[in-house]
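Enquirer: Pasting in a structure now, in structure tokens, and then I'll have a few things to ask.
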Amino acid sequence: MRIAVDLVDAGGPTGFADLTLAKVAAQAGVATPSLYKHVGSLAALRREVAVVSVEDYTRALTDATVGLAGPDAVAALAHATRRYARAHPGRYAAVQVAPDPDDPADATLSAAASRSVQVVAAVLRGFDLPEDRTIDAIRSVRASLHGFVALELGGGYRLPDDLDRSFETHVSAVLAGLTALGVRRCGERLDGARPAP
């Protein structure tokens, strides 16, 4: 498994998509058929890499946010996500694999993904979000951070302007959105006025 994970990271942002049994076998110095003694298929191998990656990523998020709350926790989560993606681009791509809740083979990955989502949910508690909007907020934060990070990893930012400053601005925008969602819980408009009856 370690060989597969290392290959995934060595392949950069496309390392996970490019993973093959032949590459793992070549790196291990064995014939491809020999791998079937250890893993049933390429899909099974990718699933195992995804589990390792999600668990690793979740630890990074937990370590970065423990003891923090509100905007500080979200900012720490954002920076931890960016650091992880830059340090482990292949594993970061594997983290994005959504398990099939109806496939028993995905049970371990589903459990790992659930723990990751719980960390993000805990980080967002400081915003007093409506309970029925928590998943919306988690998805929004995830999509927003992933969009920035994926563009960065893929070379999508070519202007000479300071990318770190842009990321800080991005995090501020995410925080403003979360704050606005918490305000709406109180039945207020963004300008603080009560909505018309």
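Enquirer: Which count do you get for residues in the range 116-155 that are aromatic (F, W, Y) and more than 21 Å from L68 (Cα to Cα)?
Expert: Residues meeting the conditions: 1.
Enquirer: Select, from S53, S41, S34, the only residue that is open to solvent by less than 60 Å² (accessible area, probe 1.4 Å) and modelled with pLDDT of 95 or more.
Expert: S53
Enquirer: Just to verify a result, which residue in the range 4-25, among those that are open to solvent by 60 Å² or more (accessible area, probe 1.4 Å) and aliphatic (A, V, I, L, M), is farthest from V97 (Cα to Cα)?
Expert: Restricting to residues being open to solvent by 60 Å² or more (accessible area, probe 1.4 Å) and aliphatic (A, V, I, L, M), the top hit is A10.
Enquirer: Suppose we keep only residues that are of a type in the set (K, R) and assigned to a helix (DSSP H, G or I) within the range 142-179. Which one would you say is surrounded by the fewest Cβ atoms within 10 Å (Cβ to Cβ)?
Expert: Looking at residues that are of a type in the set (K, R) and assigned to a helix (DSSP H, G or I), I get R165.
Enquirer: List every residue pair whose Cβ atoms sit under 6 Å apart, with the two residues 6 or more apart in sequence or on different chains, where the first one lies in the range 37-51 and is without any contact (Cβ under 8 Å) to a residue 60 or more places away in the chain and within 13 Å of F16 (Cα to Cα) and the second, anywhere, is surrounded by 13 or more Cβ atoms within 10 Å (Cβ to Cβ) and among the acidic types (D, E).
Expert: none
Enquirer: Output the number of residues of the range 100-117 satisfying the condition of being under 30 Å from S166 (Cβ atoms) and not in a helix (DSSP H, G or I).
Expert: Within the range 100-117, residues that are under 30 Å from S166 (Cβ atoms) and not in a helix (DSSP H, G or I) number 0.
Enquirer: Would you check which residues across the range 165-194 are of a type in the set (D, E, K, R) and at pLDDT below 95 and list them?
Expert: Selection gives R184, R185, E188, R189, D191, R194.
Enquirer: Let me ask you something else. Sort out for me the helices (runs of 4 or more DSSP H) sitting completely within the range 1-81 that have 2 or more residues that are closer than 24 Å to L151 by Cα.
Expert: 2-10, 42-65
Enquirer: Now for a different question. Please pick out the residue among P99, P104, P71, P130 that is open to solvent by 80 Å² or more (accessible area, probe 1.4 Å) and more than 11 Å from the chain's Cα centre (by Cα).
Expert: Exactly one of P99, P104, P71, P130 is open to solvent by 80 Å² or more (accessible area, probe 1.4 Å) and more than 11 Å from the chain's Cα centre (by Cα), namely P104.
Enquirer: Taking the stated definitions as given, is V97 assigned to a helix (DSSP H, G or I), touching a helix residue (DSSP H, G or I) at 6+ places or on another chain (Cβ under 6 Å) and among the aliphatic types (A, V, I, L, M)?
Expert: no
Enquirer: Check A80 against each of (1) surrounded by fewer than 14 Cβ atoms within 10 Å (Cβ to Cβ); (2) free of Cβ contacts under 8 Å to residues at least 24 places away in the same chain; (3) not hydroxyl-bearing (S, T, Y) and name the one condition it does not meet.
Expert: (1)
The values are calculated or read from the model by the stated rules, or taken from the named source; none is laboratory data. All values reported here derive from a predicted model rather than from experimental measurement. Cβ atoms come from the backbone with ideal geometry, glycine included; neighbour counts cover every protein chain shown. The accessibility values were calculated without ligands, DNA or RNA, using every heavy atom of the protein model including side chains. Shrake-Rupley method; radii C 1.70, N 1.55, O 1.52, S 1.80 Å.
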